[in-house]
1. Hey, could you check segment 92-119 for residues that are modelled with pLDDT of 90 or more and polar (S, T, N, Q) and say which is surrounded by the most Cβ atoms within 10 Å (Cβ to Cβ)?
2. Identify all residues within segment 87-107 that are β-branched (V, I, T) and part of a loop (DSSP other than H, G, I, E, B); write none if there are none.
3. Cβ-Cβ distance below 7 Å, separation of 6 or more or different chains: which pairs start in segment 267-289 with a residue that is outside any helix (DSSP H, G or I) and end on one that is charged (D, E, K, R) and surrounded by fewer than 16 Cβ atoms within 10 Å (Cβ to Cβ)?
4. Considering (1) assigned to a helix (DSSP H, G or I); (2) surrounded by fewer than 17 Cβ atoms within 10 Å (Cβ to Cβ), say which one E18 fails and leave the rest.
5. Would you point out the residue of segment 133-152, among those that are surrounded by 12 or more Cβ atoms within 10 Å (Cβ to Cβ) and modelled with pLDDT under 90, that is farthest from the chain's Cα centre (by Cα)?
6. Name the residue that is surrounded by the fewest Cβ atoms within 10 Å (Cβ to Cβ), counting only residues in segment 60-80 that are hydrophobic (A, V, I, L, M, F, W, C) and more than 15 Å from C210 (Cα to Cα).
7. For residues in segment 294-346 being at pLDDT below 90 and of a type in the set (S, T, N, Q), which is surrounded by the fewest Cβ atoms within 10 Å (Cβ to Cβ)?
8. So is R34 over 19 Å from the mean Cα position of the chain (by Cα), assigned by TED's automatic domain parsing to the domain that holds A143 and touching a residue at least 60 places away in the same chain (Cβ under 8 Å) or not?
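The values are calculated or read from the model by the stated rules, or taken from the named source; none is laboratory data. The structure presented is a predicted model; accordingly, all values stated were derived computationally and were not measured. In this analysis, Cβ positions are derived from the backbone assuming ideal geometry, glycine residues included, and neighbour counts consider all displayed protein chains.
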Amino acid sequence: MPRVYNWQIGRQMDYRFETGTQKRQFAAVFNINRCIACQTCTMACKSTWTFSPGQELMWWNNVETKPFGGYPHHWDTKLLALQEAADPGGQVWDAKAPNRAAPYGTFAGKTIFETADGVEKQATGYLPAEDEWKSPNLFEDTATRFSPSGVSLPEHSGWFFYLQRICNHCTFPACVAACPRNAAYKREEDGIVLIDQERCRGYRKCVEACPYKKAMYRPTTRTSEKCIGCYPRVEGTDPLTEGIPMETRCMTACIGKIRLQGLVNVEPDGQWTEDRQNPLYYLVHVEKVALPLYPQFGTQPNVYYIPPRWVPRDYLRQLHEPFSRAARRAPALPRHSENHLLLPHRAGAEGCGIHHRRPEAGNLQRHRPRLRQQGKRNRSHHRQRTVLRAPRAVRDEHHLAGSRHASPQTRSRRTARR
């Protein structure tokens with residue numbers, strides 16, 4: 001089996017295919033601290049891609065409440081238990097000094113590809129029962145305990161948080177490695193992972209292998225489907241945009257503006273090309289405030305999370321094992337600019353930097369030109385080409401209705417303008 005380098009675990013590992021053909025990678029950063037679980041992203045995705053018969057239980061984008069919620073139910077704890085059973089006591093990290101090739105240190109345990117036999121299974125996993133796909137909001141807003149006296153930072157005694165999940169479009173996707181017909185593949189132009197519906201025969205090997213359970217079986221077509229990264233919008237072939245690339249549906253619909261999405265340049269060895277002007281690169285590799293979800297699985301996911309600041313650190317180490325090293329020396333809560341893009345800021349000399357300090361003037365000014373330009377492009381992409389407006393008579397009637405409650409001076413000014 002080929003050996004590939006996974007920079008998130010800081011070492012080489014076994015994987016079915018060679019890598020190094022793609023030049024860019026779809027990536028995203030989610031700020032968990034800002035999510036209110038309004039499910040607008042979920043419904044935007046659902047109404048766009050999974051509204052047909054057989055897709056009733058498909059939620060390519062979902063927001064689940066941790067630590068008890070999950071879609072499918074308990075997807076993460078079940079796989080963690082399988083990994084521990086296959087490698088007892090070995091799922092640990094080597095806390096050596098991090099470097100650019102291994103920014104989080106080295107994972108000394110085995111990935112899901114290394115605990116599998118490589119013959120019958122290419123990756124360790126399981127097939128969820130049908131009931132586990134139901135009730136995607138189970139345990140929503142369920143806290144670990146009730147705190148009658150209230151809570152305070154840095155850690156709440158009773159807590160929960162919302163975890164936003166889409167397909168991670170992994171650099172080493174387990175669904176691609178597990179598919180016996182090679183129906184699942186990774187696009188070279190942007191790293192988005194897709195399933196060829198003509199080649200798929202519904203063996204559900206991808207469903208079983210995906211550690212994040214974002215490949216799903218559709219019984220009406222007897223094929224597997226998954227999040228497509230809204231690739232028509234990303235590549236600019238969506239007819240609504242007239243050839244202009246734009247963000248995915250879940251990104252544009254987000255009420256809290258917690259999501260940052262884009263493309264990063266990738267080196268032949270799979271590492272990101274250094275580009276400190278790219279907000280994604282800055283958050284992930286410079287400040288290390290955005291962390292991968294379960295990097296120990298070995299798929300090198302490309303969706304990163306800014307951890308919630310009120311959650312006990314032991315639990316965060318389970319979700320983002322590098323948290324214990326990388327986040328200790330990085331700021332934990334970037335702020336937003338007027339363009340709703342995440343802005344990094346540096347921590348003080350002491351502690352982990354979880355505070356409300358504003359960005360330094362130099363940092364803000366250095367990143368503002370790029371962010372302003374990108375924000376203008378995003379806003380222009382979001383506008384519809386045809387603006388639907390009420391007839392003039394109807395608008396005037398509403399305007400006059402509002403004038404009845406205005407002062408005489410205001411009414412006279414409005415009359416003069418008309």
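1. Here the residue is T111.
2. Within segment 87-107, the first condition is being β-branched (V, I, T), and the residues that meet it are 92, 106.
V92 - this is the single residue of segment 87-107 that is β-branched (V, I, T) and part of a loop (DSSP other than H, G, I, E, B).
3. As it stands, the answer is T273/E267; Q277/R370, since those pairs meet every condition given.
4. Of everything listed in (1) assigned to a helix (DSSP H, G or I); (2) surrounded by fewer than 17 Cβ atoms within 10 Å (Cβ to Cβ), E18 misses just condition (1).
5. Applying the first criterion (surrounded by 12 or more Cβ atoms within 10 Å (Cβ to Cβ)) to segment 133-152 yields 133-140, 142-144, 147, 151.
Of the ones still in play, those that are also modelled with pLDDT under 90 are 147, 151.
Values: S147: 30, V151: 28 Å.
The extreme case among them is S147.
6. Taking segment 60-80 as the starting set, the residues that turn out to be hydrophobic (A, V, I, L, M, F, W, C) are 60, 63, 68, 75, 79-80.
Of the ones still in play, those that are also more than 15 Å from C210 (Cα to Cα) are 63, 68.
Numbers: V63: 23, F68: 16.
It comes out as F68.
7. If we take residues in segment 294-346 being at pLDDT below 90 and of a type in the set (S, T, N, Q), then Q318 is surrounded by the fewest Cβ atoms within 10 Å (Cβ to Cβ).
8. Values: over 19 Å from the mean Cα position of the chain (by Cα): no; assigned by TED's automatic domain parsing to the domain that holds A143: yes; touching a residue at least 60 places away in the same chain (Cβ under 8 Å): yes.
It is false that R34 is over 19 Å from the mean Cα position of the chain (by Cα), assigned by TED's automatic domain parsing to the domain that holds A143 and touching a residue at least 60 places away in the same chain (Cβ under 8 Å).
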